[in-house]
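Have a look at the structure below, then the notes.
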Amino acid sequence: MNALDTYFEMRRSVFAYFGYEENWRAIPLDDQRSRFWRLYGEGYGGKVRYADTRKILDETDGEYYEHDIYTQRYLSKWVYRGGLYTMVCVDTRVDGNKFLMIFDNAKEVPA
């Protein structure tokens with residue numbers, strides 16, 4: 001099936017861009033490139049916050065999302081920075097969901 005070949009090749013291409021090597025657990029990709037985002041640490045105890053607008057991201061009690069950085073011990077790191085995009089391993093703490101969230105570096109707001 002060409003569709004499966006294309007899917008796996010594209011997935012390998014995305015992982016190669018970030019220097020990510022899948023190990024032990026397959027974590028799904030989650031496209032968050034349209035959102036503004038901020039990191040609070042890049043390892044154990046770290047968090048990523050993201051929102052539809054910068055104003056919401058900056059609000060104390062805003063309508064933003066915030067997740068723990070997923071620090072799976074089988075990965076060499078948990079935040080993968082590329083030239084244009086950053087991929088962050090997150091644990092949503094909801095129903096066991098973990099994601100590799102991809103953010104646009106142009107929308108990063110320093111902590």
**Fill in**
Protection proxy (average C-beta count within 10 Å per residue), highest first, orders 76-82, 33-39 as 33-39, 76-82
**Prompt:** Taking only Cα atoms, what is the 0 to 90° angle, nearest 10, from helix 2-18's long axis to the longest principal axis of the chain?
**Reply:** 50
**Fill in**
So L4 and Y17, fully extended at 0.36 nm per residue minus their Cα-Cα distance, gain in nm 2.7 nm
**Prompt:** Over what distance in Å are the Cα centres of the range 1-32 and the range 46-70 separated?
**Reply:** 26
**Request:** For the range 1-64, build the convex hull from the C-alpha positions and give me its volume per residue in Å³.
**Result:** 134
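FYI, it's all coordinate maths here, none of it is from the lab. Remember, predicted model here, so these are calculated numbers, not experimental data. Here Cβ is always computed from backbone atoms with ideal geometry, including for glycine, and neighbour counts include all displayed protein chains.
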